[in-house]
Amino acid sequence: MPDEIEVTRVLVVTAHPDDVDFGASGSIATWVGAGVSVTYCVITDGDAGGFDPEVPRSQIPGIRRAEQVAAAAAVGVSDVRFLGYRDGELTVSHGLRRDISRVIRQVRPQRMLIQTPERNWARIPASHPDHMAAGEAAIQAVYPDARNPFAHASLLEDEGLEAWSVSEVWVMGHPTQTQYVDITEVFDHKIAALRAHESQTGHHEDLETFIRGWGERLAAEAGFAPGRVAEAFFVATMPL
């Protein structure tokens, strides 16, 4: 674990509604409980998701935005921002890097939570192409874009957004895990957040059992006591 830094603001960047809730909502509930301000930046509206063929596809973006707002509330997050990109079509573009850099400069977080840009062969669902593109665009926005006043010049010249340097990045779904967070006491908040994504999780009758088993395996890896539940991340300290 890198040297401790004072964290008062965290920015989470994910590809889809529900990504953060599967990977990190327990940790976020813990941070919010400690007084940390957390902002979600969701790149797409999840318009390629959902399992009910009776629901018109035109309604899916609105449904999934509302679900993410409700899920965020379940862990104490009220600041949820959507960038409106198309689900399933995400690429690491200059425009996406600029849009994430904008939010970084607005929020000015010490910590970022992102998805892994590296393929995880042990967990292929974590390596959805949108996840990897979101992770790569986010880390490029962290370094070098958001900290460079001459990158995306319009952010400073037209919007008055000063450069900002993120101190550390926590990565979900990474093949290497270096930091574990005990979420046992807030596990019910994580389940509530996941159940808020009714269009995605409503068909999972054993959702809580599955998520608990996953978390208990991570807790065992961390050396926590039997019955504890954890989330795991790769943590990188950013250069000054």
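Every read-out reported here was derived from the displayed coordinates using simple, explicitly stated rules and does not represent laboratory data. What you see is a predicted model, and the numbers here were worked out from it, not measured in a lab. So basically every Cβ, Gly included, is an ideal-geometry build from the backbone, and we count neighbours across all protein chains shown.
Some notes on this structure:
- For the stretch 1-99, averaging the sequence separation of C-alpha pairs within contact (under 8 Å, six or more residues apart) and dividing by the residue count gives a relative contact order of 33 percent.
- Under the criterion of Cα pairs below 8 Å and six or more residues apart, the relative contact order for the chain equals 25 percent.
- Dimensions in Å of the chain - Rg and Dmax from alpha carbons: 17.2, 55
- Considering only Leu218, Val166, Gly62, the residue lying farthest towards the positive end of the dipole of the chain is Val166, judged by Cα position with unit charges set on Cβ.
- For peptides 121-130, 94-103, sequence by mean Cβ density within 10 Å, most packed first: 94-103, 121-130
- Computed over neighbours whose Cβ is under 12 Å from that of Ile211, the net charge equals -2, Lys and Arg +1, Asp and Glu -1.
- Anisotropy class of the stretch 61-103 from Cα gyration tensor, a/c 1.5 cut: oblate
- In this structure, Ala225 and Phe150 have a Cβ-Cβ separation that, at R0 = 41 Å, corresponds to a calculated FRET efficiency of about 0.20.
- If you take all other residues with their beta carbon under 14 Å from the beta carbon of Arg97, and give Lys and Arg +1 and Asp and Glu -1, the sum is +1.
- Relative contact order (percent, whole number), the stretch 24-163, Cα cutoff 8 Å, 6+ residue spacing: 23 percent
- Net charge over other residues, Cβ less than 10 angstrom from the Cβ of Leu156 (K, R count +1; D, E count -1): -3
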